[in-house]
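Since the structure comes first, as structure tokens, the remarks are kept for the end.
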Amino acid sequence: FCRIRPVSRAEAAQGGAIVVEKIDEYSVTVETPRGPREFQFDKVFSAEASQEDLFHDTSRKCVSHRLIQLAIDGYNVCVFAYGQTGSGKTFTMVGDKEQKNPGIIPRAFNAMFDIMRKNNSKFTYMLELYNDRLQDLFASQAGERNRKGVVFAQGAETKEASSAQELYALFQQACANRHISATSEQTPSTSL
Ligand SMILES: Nc1ncnc2c1ncn2[C@@H]1O[C@H](COP(=O)(O)OP(=O)(O)OP(=O)(O)O)[C@@H](O)[C@H]1O
């Protein structure tokens, strides 16, 4: 998927030009010094798309809910945000600070607990992959990889959550550890 973020006030004040344009549901053009280039995606969200649109993706019958159901059924699911600094990864995945516009992660927590009502309490752990090193965000030790390079989280500190709110509080706690370690490495961005 590709999401185009709106021009920020600062960018508008600096007179920045819009260089990305959605052509249709699946393609965008980007202005480059050598002329426009077209890129194709499974789906393109314009700058007007809401967090709700992103999560529900109505044209695809709730991809997010399908992915969440798959995760609950025991499959590994990965949602990965990629883009340059300031492009909107944190906004898309987490949302704004006040959570007036929650992103995919808090919405997924709610959906997970909606599905799992019968069996409420769940365990969670959080690892950060930073410069090819795994850091347990609930403890100080690093995670590990086996000889084949496959990540395994044996010994990772697990926490119990019995609601989406509790899970989000744990997520914020782990994120705070992530920011501290990022600052100590003198990295200004959040590297989601
Ligand atoms: N779709 C959007 N609608 C409104 N504001 C947005 C949107 N996407 C991003 N923003 C705003 O743009 C700014 C940069 O976004 P964000 O922090 O999510 O970028 P990032 O890709 O996570 O950057 P970094 O890699 O530096 O952490 C933030 O102030 C965010 O609130």
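Summary of computed values
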read-out	value
Criterion violated by Val77 - all others in (1) part of a loop (DSSP other than H, G, I, E, B); (2) within 16 Å of the ligand (Cβ to nearest atom); (3) within 30 Å of Met112 (Cα to Cα) satisfied	(2)
Which numbered condition Glu128 misses (of (1) within 15 Å of the ligand (Cβ to nearest atom); (2) out of contact with any Phe, Trp or Tyr (no Cβ under 9 Å at 6 or more places or on another chain); (3) not assigned by TED's automatic domain parsing to the domain that holds Leu167)	(3)
Residue within region 83-94 that is part of a strand (DSSP E or B), at pLDDT 95 or above and outside the structural domain of Ala161 (by TED's automatic domain parsing) present	no
Any hit, region 114-132, residues being more than 16 Å from Tyr168 (Cα to Cα) and modelled with pLDDT of 85 or more	no
Residue list for region 30-46, restricted to those being out of contact with any strand residue (DSSP E or B) (no Cβ under 8 Å at 6 or more places or on another chain) and either outside the structural domain of Cys2 (by TED's automatic domain parsing) or assigned to a loop (DSSP other than H, G, I, E, B) (or both)	Pro33, Arg34, Asp42
Flag if Lys97 is within 15 Å of the ligand (Cβ to nearest atom) and without any contact (Cβ under 8 Å) to a residue 24 or more places away in the chain	yes
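The values are calculated or read from the model by the stated rules, or taken from the named source; none is laboratory data. All figures in this text were calculated on a predicted structure; none of them were measured in a lab. Neighbour counts are summed over all protein chains in view; Cβ atoms, including those assigned to glycine, are modelled from backbone coordinates with ideal geometry.
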